[in-house]
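Some notes on the structure that comes next.
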Amino acid sequence: MYSTHFWYKFSLHRTKVIFSVVSIFLIFSFANTTNAQQKRKKTESTVYNLMSFDKKTFHYGFQIGYISSPVGLDPSDNPYIIIPDENGDPQQALTYITPQTTASFLLGFLMNIKLSQDNHWHFRTSPNVSFYSRRFEIDLLEGGNLDSRDVAQLQSNTTLEVPLLLKYQSDRRKNHRMYLLGGITPSYMVASKHESSRKEYFITLSEFNMSLTWGFGFHIYNSMFCLSPEIRVSHGLINVADKPDNSLIMHTVDAIRTHKISFIINFEG
C-alpha cells in the first residue's frame, strides 16, 4: 500500500520540503551577508599603526627580560674530597653537587637590520647585561662536615652578552607580525660574588661562554612604538667548569654547561 501511494505522499510533502530548503538557503544567505558586512566594517575601522616602520633599514630599542637559568653538571670519576674531621685530621668525604634552577633578569639594547627587500630576513643583535643568581647544593654522603654557607652556595654573576641572531618574520597582519630567530650568543662574566666561607670550596665557572640561541616572538604595532614579546632558549656549547689549583672540590666536577629560558619584552622605535 505504501508503495502504491509513494508518489502521492511525495506530492503531499513536496511543498513542505521545498519551503524548508528555501528557508534554510535564505537563512544561510543572510548569515553570510551579515558576516561579510561585519568583516568589511571591521576592516574599514582598523587603524594601521607605524606604516613607515618596516620601510626603515635600521631599528633601535631596548629590552627587559626574566631568565630561568638551569645548569647541567656532570660529575667526574673522583667524587671524593679531603676535609678535616672534628679533630682536624684529614679524611675522605664522598660528595655530590646539585645545581638548582634560579630566577635572573636582563637589561639591554637592541638593533635590527633589514637584509631583504621583501622584509622577511633581518639581522638582530641585543647587547645586554644579565644578572644571574645560581645556587649549588653540596651533599657529603660519607664523612666530614662543611660550613652551611659551603653546603648551599649562592652565586651572583654579572654577565655581558651579545646575541648575534638571524631573524625571519612573516607578512604583516594588520598590526601584528610573527617572527623566528636563531644564532649564537657569546658572553663574558664581568663580575662574580660567592656567598661561601672558603674559596677552596667555591663552585667556579669560566668567564667566557658561548651558547646556541633560538626563539620566537611577535610584533605588536602601537601608535608610538612596536612592542615585541619574545621567548628565547639558549644551550651552552662550552664546558665552563673552571678548576683552579687551590680548589678542593672542583676536581669532582667533569663538566658544567649553562642553559637558560628567557621571556623578553622589546620596545622598538
Exercise. Return the distance in nm (one decimal) between the two label points of a simple spin-label model at TYR188 and ARG173, each offset 7 Å from Cα along Cα→Cβ.
Key: 4.3
Quiz item: For MET189, MET210, what ranking results if the residue with the fewest other Cβ atoms within 10 Å of its Cβ goes first?
Solution: MET210, MET189
Practice problem: List the residues of region 68-84 whose backbone N lies under 17 Å from a point placed 7 Å from the Cα of THR98 along the Cα-to-Cβ direction. | Solution: 70-75
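Which of the pairs LYS114/LYS260; LYS114/LYS174; LYS114/LYS167; LYS55/LYS167 have their Cα atoms more than 18 Å apart in this structure?
LYS114/LYS260; LYS114/LYS174
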Exercise. Decide, for region 154-241, between rounded, prolate and oblate: order the square roots of the alpha carbon gyration tensor eigenvalues as a ≥ b ≥ c, take rounded if a/c falls under 1.5, and otherwise choose prolate if a/b is larger than b/c, else oblate.
Key: prolate
Self-check item: Point-to-point label distance, ARG135-HIS251, nm (Cα→Cβ direction, 7 Å offset)
Solution: 3.0
Practice problem: Evaluate the Debye formula for region 53-268 with equal point scatterers sitting on the alpha carbons, no solvent, and hand back log10 of I(q)/I(0) at q = 0.08, 0.09, 0.10, 0.14 Å⁻¹, in q order, two decimals. | Solution: -0.37, -0.45, -0.53, -0.83
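Bear in mind that the values in this text are calculations on the coordinates, not laboratory data. Note that the coordinates shown come from a computational prediction; the quantities given were computed from them, not determined experimentally. When we count neighbours, we look across all protein chains shown, and the Cβ atoms used for this are built from the backbone with ideal geometry, even at glycine.
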